[in-house]
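Data block below; observations after.
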Amino acid sequence: MRSLAAIVAGAALLAWPAALNGYPLVFIDTVSYLGQTVFPETPWDKTQAYGLFLHAFHWRISLWPAVAVQALIASHLTWLAQRMVRGEAAPGTHMLVCAALAALTAAPWTLATLMPDALTGLGPLCLILLGFARLSRIEATWVALVGAVALASHLSHLPGAVALLMMTALLTRRLAPTLRVALPLALALAFLAGSNLVSFGRATLSPHGAVFLLARLQDDGPAAALLSERCPAAGWHLCAFTDRLPMDSDEFLWSPDSPLNRNADGSPRPMGGVAGAVEAREIIAATLRAHPLEVALAMLRNTARQAVLTWAGDTLVNEHLDLSARRAIAAGLRQELADFDTAAQMQGTLPARAAPFLALHAPVLALCLLALPWLAWRAIRARDLPRIGLLAGMLVALLANAAATGALSKPHERYQARIVWLLPLAVMLAAPPPQAARREATSSGGIRTSAS
């Protein structure tokens with residue numbers, strides 16, 4: 001009972017920004033996920049897993065249970081991670097870890113938001129547990145299912161999962177933990193292919209995702225250069241707009257006046273992202289063949305830039321919420337519309353309320369980066385596989401996320417803020433308690449492994 005109480009209390013700490021706001025936090029894209037079951041409509045540019053996850057807990061009654069579940073999952077996975085690296089989980093330690101995450105990192109701001117971003121850090125945590133922790137069958141099944149939902153909720157989560165699968169195979173050199181890590185990824189891939197087959201008639205991971213990479217490549221220059229070289233002979237729709245390229249990738253994707261969303265005569269091109277997907281794949285392939293070095297260098301620059309963008313505050317504003325999230329709440333959860341309208345976020349006061357807490361995040365990350373080499377050296381010296389797996393897995397997840405979002409989409413603060421809290425979590429859990437440090441200093445022995 002003490003463990004359950006600690007997990008529940010830890011969840012309450014991890015969801016506190018929703019209480020500060022007076023309502024669960026939302027973002028402009030929240031409308032797409034709520035809209036899957038509220039309107040209903042299937043968004044062309046997003047996966048369907050997170051919308052179903054939300055509906056499993058709101059049922060057009062309230063959005064509060066969804067936030068509570070996100071925080072409970074995070075608290076439970078943190079409990080399991082403590083047990084993985086320390087042999088057992090202590091309620092007091094768990095509360096301290098959750099309190100530190102709540103006060104000093106972006107974790108609570110992410111977990112209190114109704115977006116797939118809330119699951120971005122949970123997916124890697126699930127895979128690390130499956131690869132390096134000793135779990136019961138029930139625990140392993142639960143963690144695998146949570147991991148599958150987290151991975152399927154956003155396409156940018158998949159590259160990190162592949163990287164963690166490879167890391168697990170290299171570090172453990174055993175089939176069983178590697179297969180356990182592969183299971184959530186396989187389930188996520190199957191869900192994505194099946195849902196897209198039903199919705200769009202194609203068993204693919206992303207029927208229209210090519211337009212996002214094209215937006216990035218033309219913004220960086222290589223695709224715009226290719227269009228200048230091949231047009232008008234290539235006959236592509238974008239050939240009529242070469243004089244406007246390159247342009248900002250967000251403007252390219254979403255502006256009503258962008259080449260993607262206009263015909264050559266200036267008339268609107270409905271669902272431009274869908275209409276341009278096939279052409280986007282052709283242009284991307286031609287760009288990669290013609291300008292491989294330029295593309296690689298641009299991706300490296302964007303990955304590096306994304307890796308250092310970690311501020312959580314850009315999701316707290318009320319910009320466009322009246323036309324997006326409010327529309328979904330008015331359609332499906334009208335009984336909560338007044339609470340939404342009076343919340344600090346919708347009133348525009350949340351950024352000021354949050355500012356004192358957000359200011360602590362960067363110094364904490366800097367301190368954790370300083371401690372990381374020392375902790376890694378201790379773990380390697382002790383041949384402590386669970387600690388090695390946690391620290392290495394966290395680094396792999398952070399770098400993969402930066403590459404998947406910065407290089408393939410566009411660097412944004414929220415993309416790295418949603419996962420960077422794994423660094424303080426790993427540092428806190430990997431730091432040995434004083435008595436363990438004293439034992440380690442006087443002992444030698446074989447490798448410690450929790451993976452079975």
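The values are calculated or read from the model by the stated rules, or taken from the named source; none is laboratory data. What you see is a predicted model, and the numbers here were worked out from it, not measured in a lab. Please note: Cβ atoms are built from the backbone with ideal geometry, for glycine as well, and neighbour counts cover all protein chains shown.
Things worth noting here:
- Single match in ALA133, ALA100 (criterion: among the aliphatic types (A, V, I, L, M) and more than 16 Å from LEU423 (Cα to Cα)): ALA133
- Any hit, the stretch 414-425, residues being among the polar types (S, T, N, Q), closer than 30 Å to VAL211 by Cα, in contact (Cβ under 8 Å) with a residue 60 or more places away in the chain and in a helix (DSSP H, G or I): yes
- When each of ALA19, ALA15 is tested for being assigned by TED's automatic domain parsing to the domain that holds ALA188 and free of Cβ contacts under 8 Å to residues at least 24 places away in the same chain, the lone residue that passes is ALA19.
- Filtered by the rule that a residue be over 14 Å from the mean Cα position of the chain (by Cα) and either assigned by TED's automatic domain parsing to the domain that holds ARG281 or in contact (Cβ under 8 Å) with a residue 60 or more places away in the chain (or both), the stretch 391-407 gives ALA392, GLY393, ALA407.
- Filter result for LEU253 (touching a residue at least 60 places away in the same chain (Cβ under 8 Å) and not polar (S, T, N, Q)): no
- Residue check for ILE388: surrounded by 17 or more Cβ atoms within 10 Å (Cβ to Cβ), among the hydrophobic types (A, V, I, L, M, F, W, C) and assigned by TED's automatic domain parsing to the domain that holds LEU226: no
- Those helices (runs of 4 or more DSSP H) of the stretch 1-114 in which 1 or more residues are under 22 Å from the mean Cα position of the chain (by Cα) and surrounded by fewer than 17 Cβ atoms within 10 Å (Cβ to Cβ) occupy 2-14, 49-58, 64-86, 91-104.
- Restricting the stretch 413-452 to residues that are at pLDDT below 95 and under 26 Å from the mean Cα position of the chain (by Cα), the residue that is surrounded by the fewest Cβ atoms within 10 Å (Cβ to Cβ): ALA431
- If you go through the stretch 320-358 and keep only what is within 21 Å of TRP59 (Cα to Cα), in contact with a Lys or Arg (Cβ under 8 Å, 6 or more places away or on another chain) and not acidic (Asp, Glu), you end up with GLY332, LEU333, LEU337, PHE340.
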